[in-house]
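Working notes, beginning with the structure itself.
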Ligand SMILES: NC(=O)c1ccc[n+]([C@@H]2O[C@H](COP(=O)([O-])OP(=O)(O)OC[C@H]3O[C@@H](n4cnc5c(N)ncnc54)[C@H](OP(=O)(O)O)[C@@H]3O)[C@@H](O)[C@H]2O)c1
């Protein structure tokens, strides 16, 4: 499978445009009448862009939607209620760059005995230049990858996401779904540097996209490893369905930190050629709702097409190494 370059803002924009014109076969969207009444779905980063559109879609299907957000509380929740016509929508605060905030968020879900039928880990960030979070870790690496590892560790161990391996509360007859919003940029990323794992890197406007791709390679390699770990019996039906998606180029707030000189070019290009968040949320909806995706695990979608994620991300040795290096790093920060 060919991989397009995404190593600077211009090639990333061009690649986004070409992706939309691909003629490869697509899956059929789940029709609007399929309901999720009585189901609970978590969406992170649900105050904006793809996350908000996903929250609206799932609320329209009758799910109880928990919008996990750093900002936009309560306005974004009110928007989602209004646009979906549902009152089964609530907002919870979490700052995914802050491990203590993640802990408080997971504790609250556990203490309320919440059981998630689906969790969409959507939140992501593209800082204009490198910076570190309060734990001294590079922000994009922390939010786009590490935060998901910590969230899943907590939610699986607490059984908030039912599972046999960490929670001892398997629901294999009706497996929960874990969906990660990744990006095709993982495909042309530089390799993961396991020798300097977690060491903050420095980048500016021109090479930020390269490290964004790397953060998504971490995430995609992790998603494949998580799928294997939660479903160790190969060939049998999954205990937890773990999938990932690249939604394609979206006219969202993702480029909010783009430098002032770039915005006049970027904004009209995004508005004209990129998909709306509503359209971009159709494959996410498919992964959460379709019967097919409840019978398998480890699926990767690029917009409405099923694909293999990159070779590097599917290598079990790299997956296992990423897992152990991440645990080691989190232990040094007192998180595990
Ligand atoms: N836009 C694209 O072309 C594109 C392409 C491929 C993949 N994606 C992926 O799609 C996902 C959604 O992005 P989007 O395009 O919808 O962009 P967006 O409108 O900027 O939404 C990003 C969301 O992530 C949240 N977030 C960022 N840092 C956070 C933190 N520390 N704690 C909690 N939430 C945080 C943001 O919250 P705040 O509003 O509070 O910052 C916002 O809700 C991301 O994972 C992105 O990588 C986007």
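Rule-based calculations on the coordinates, nothing more; no lab input. Just so you know, these numbers come straight off a predicted model, no measurement behind them. Cβ placement follows ideal geometry from the backbone for every residue including glycine, while neighbour counts extend to all protein chains displayed.
Counted residue by residue at 0.36 nm each, then reduced by the alpha carbon distance between them, the extension gain from residue 262 to residue 315 reaches 15.4 nm.
Springs join every pair of Cα atoms under 10 Å in this Gaussian network model of the chain, and among 137, 272, 17 the largest mean-square fluctuation is at 272. Here the Debye sum runs over all C-alpha atoms of the range 183-313 as equal scatterers in vacuum, and log10 of I(q)/I(0) at q = 0.13, 0.14, 0.18, 0.22 Å⁻¹ comes out as -0.67, -0.76, -1.10, -1.32. In the chain, the calculated helix contribution to ellipticity at 222 nm averages -12000 deg cm²/dmol per residue, counting -39,500 (n - 2.57) for every DSSP H run with n ≥ 4. Report the residues of the range 91-114 in range of a label on residue 174: point 7 Å along Cα→C-beta, backbone N strictly under 19 Å from it. Label zone hits: 113-114. Between the alpha-carbon centres of the range 152-188 and the range 259-336 there is a gap of 14 Å. Put a dot 7 Å past the Cα of residue 82, heading toward its Cβ, do the same for residue 132, and the two dots end up 4.3 nm apart. Net length available on complete extension from residue 290 to residue 206 is 26.3 nm, with 0.36 nm assigned per residue and the Cα-Cα distance removed.
Divide the volume of the convex hull around the Cα atoms of the range 67-188 by the residue count and you get 149 Å³ per residue. Taking 289, 89, 201 in turn, the Gaussian network model of the chain (Cα-Cα springs below 10 Å) assigns the largest fluctuation to 201. Across all C-alpha atoms in the chain, the radius of gyration and Dmax reach 18.5, 54 Å.
Extension gain for residue 112-residue 22 works out to 27.9 nm (0.36 nm per residue, less the C-alpha to C-alpha distance).
The DSSP beta bridges internal to the chain are antiparallel in roughly 15% of cases.
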